[in-house]
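Just so it is clear, none of the values below were taken in a lab; they were calculated from the coordinates. Quantities reported herein were computed from a predicted structural model and do not represent experimental measurements. We place every Cβ from the backbone using ideal geometry, glycine too, and count neighbours over all the protein chains shown.
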Amino acid sequence: MSFSSLVSDIAYRNPVRPDLRSAASEAGRSYASTAATSVSISGDIKSQLHGGYSHPLARAWQAERQLTKSMLIYPLFISDQPDEETLIPSLPNQHRRGLNKIVPYLTPLVAKGLKSVILFGVPIAPNAKDALGSNADDPKGPVIKAIRLLRRSFPDLFITADVCLCEYTSHGHCGILRDDGSLNNQLSVERISDVAISYALAGAHCVAPSDMNDGRIRAIKLKLIEAGIAHQVVLMSYSAKFSGCLYGPFRDAAGSCPSFGDRRCYQLPPGGRGLARRAITRDISEGADIIMVKPASQYLDIISDAKEIGKDMPVAAYQVSGEYAMIHAAAAAGVFDLRAMAEEATQGILRAGATIITIEWYFRLYARHSLSIVFKEDHTSPIHEPLDDTRNEIRLLEVLAPDLHSTDTIRCRLSVCSLDDGQNYTALSYVCDACQTRPVYVNASEVQVTNNLADALFQLRTDEVSILWVDALCINQQDDIERGHQVQKMKDVYRMAGTVVAWLGLEDDGIHLPDIYKFTSWDEDSELSNRIYAPLLGASSFKDGDLGLIILLMENDYWTRLWVIQEIGLATSVTLFCGSDKIRWDAVQRAMLVFTWLRMLSHIPSKNYKAYRERLDLLYTPFKPTDGEPPAAVWVCDRIQRSCGDSLSLLALLYLACDWTNLRISDLRDCIYSLLGLVCEEDRGFTMMDY
């Protein structure tokens, strides 16, 4: 069969079903056939590229480089005022921080994967600046104290120290000046190299001179060798640092604006590509371990040149404060989405050849989110968009209406929302039968879920329950950090849900939930009360099927899952589903009340005692043969539902966790995590979920 015939055959496959065809679909078929024929005639198979990136994972494979957190360096502005935490007006969401504020700020970022920082000192104290920048290498200055603090607090954090004098000099220039105001290169190099060695001896893993004085790389390398630490300290050179307008926000942050003149005599002119190439070549020859280009987005050609010149070397790019501020301002004006544009800009720098990026987006773009789709190593997921913990975000699953051609296929769509928005949704509570799975489609991607979950989604779609929170799909289960954050929110997820659906499975086990309602008409004159009190009067017992109904309900695997206690106990409304049957939770509560009465009556002699005892023994045996109790989950759910929000102390929770070791969990830590939502507010601060 020719290629043309094959495509034509596909285009006209399944011609029957005239009722489903519209004029538009017929026109589409005709066009598809014509287009396929033309492709065949031309033989231009190489022009067919869409298939290579039609899927999110396939698009990731097409990328020559994948961004990872280890490539990023996050800039920190360290004030000499220990308790300062001042927002920088021209740098949205960025602050100057004193030593007492740095560790609390960095702790969650390091936990989320921050690998490296670069330190910029900001002396603010009176008389902190002079003509020589003396405070730059003062052991009591902000950078040296910060290096030592961070080495103690975060042993695995890679610390880079920017080496320059502009923040510390009274004139704001990057070196020592002559009397006429011009730069004295020789004295500047001596001073810069001394500062670099001081930072290295304090514990910096990397020193990064940004002053652009001729010969400073060689001078620093020689002093590192002389100090016996050249083999321990990375030397990263700002080799191609261009002058321009994009440093304004940085100078605002660091207080380093020149008091006169500018820096054009020692920073590269924007059009000086050849000069940049020569500077890169020189710094490599002088002993640089890493070469840097700054700014980044406007100089992608220079990044590419740097990679070509230093083929075997890491190339760093500094996305400077002005780049950050421009993108942020445009996003604030509604020009584009901030996160999407930030990722595009970062990917462009990466594509040009950078292997390291100094970036102020870390907090906004990466660290605030448990996941970013640009990170290959962070459990890339084609269906999970990043979540912003500061906005209390979760994902919700929309179960889409069935396709006319494949009603058995379950198609869903994930979206992000904030719990604070008050959106109506249904939270699903179910048992994971991990042994068998089948596919569902989420955001057009195939995802394997357990059979029990697939059954639940199918039934709830039939019942027109379309907006759901389902842990297996709404949480990226491959991202332990996100799991910890989202599990922490589960108390609110189940408490704020319009309804919690407790899915017991299909009807295969013989449970007919509507029959439970026969136990709900409870008053002293009712038939139900007469039947419960009947043993005292020697009357006939319940029918054989009545107790069997409760037995089947209580034997269901659903009640063996520890998470059930929190999921049902905190809900404002609960509906039990078993296949297409459903009942309200209050009906189960009434059935449990009957169960309780029967248990009490089992201890009261009567002429029918033996028959009752046998039936009650049968009823109790599946759960706790020692004392005849039904599953603990049922009683605790009932207790919490009736307690109007009473919560447990942490000590009580630990006691219960030890007592309920027979209930099922998939992770031992869930013995505690599954119950934390029940802990009283004053004890909640002592616990943090960390997978």
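Quick notes on this structure:
- Amide proton proximity set for V163, modelled H, under 5 Å, gap of 5+: A208, S210
- Segment 195-228 and segment 149-173 have Cα centres separated by 12 Å.
- Spatial separation of Cα centroids for segment 385-460 and segment 71-130, in angstrom: 41 Å
- For segment 215-226, putting each phi into the Karplus relation 6.51 cos²θ - 1.76 cosθ + 1.60 with θ = phi - 60° gives couplings of x, 6, 5, 4, 5, 5, 4, 5, 6, 5, 5, 4 Hz, in residue order, rounded to whole numbers and with x for Gly and Pro.
- Normalising the average separation of contacting C-alpha pairs (under 8 angstrom, six or more residues apart) by the number of residues puts the relative contact order of segment 69-367 at 17 percent.
- Charge tally around N135: other residues with Cβ under 11 Å, Lys/Arg +1 each, Asp/Glu -1 each, net -3.
- Set of segment 118-150 residues, backbone N closer than 20 Å to the point 7 Å along the Cα-Cβ line of L201: 121, 132-150
- Scanning residues 5 or more positions from F158 or on other chains, those with amide H under 5 Å from its amide H are S116, V117, with H placed 1.01 Å from N in the peptide plane.
- Gyration tensor verdict on segment 105-238 (Cα atoms; rounded if a/c is under 1.5, prolate if a/b is larger than b/c, oblate otherwise): oblate
- When C412, C164 are arranged by Cβ crowding within 10 Å, least crowded first, meaning fewest neighbours, the order is C412, C164.
- Available extension along the chain between R438 and Q477 is 12.3 nm, counting 0.36 nm per residue and deducting the alpha carbon span.
- Order of K101, K115, K294 under a 10 Å beta carbon neighbour criterion, fewest first: K115, K101, K294
- Potential lengthening of the chain between T407 and T572 amounts to 56.1 nm, from the contour at 0.36 nm per residue minus the alpha-carbon distance.
- Annotation: amide H of V574 within the under-5 Å range of V500, W585, sequence separation 5 or more or interchain, hydrogens built in the peptide plane.
- In nm, spacing of pseudo-spin labels at K311 and R151 (7 Å Cα→C-beta vector): 3.8 nm
- Förster radius 41 Å - calculated FRET efficiency between V103 and E507, Cβ distance, rounded to 0.05: 0.10
- Ordered by the number of other Cβ atoms lying within 10 Å of each residue's own Cβ, fewest first, F154, F336, F120 fall into the sequence F336, F154, F120.
- When the pairs K112/K489; K69/K145; K69/K311; K101/K145 are compared against a 20 Å limit on Cα-Cα distance, K69/K145; K69/K311 fall above it.
- Per-residue ³J(HN,Hα) for segment 192-204, Karplus 6.51 cos²θ - 1.76 cosθ + 1.60, θ = phi - 60°, Hz, x for Gly and Pro: 4, 5, 5, 5, 4, 5, 4, 5, 5, 5, 6, x, 5
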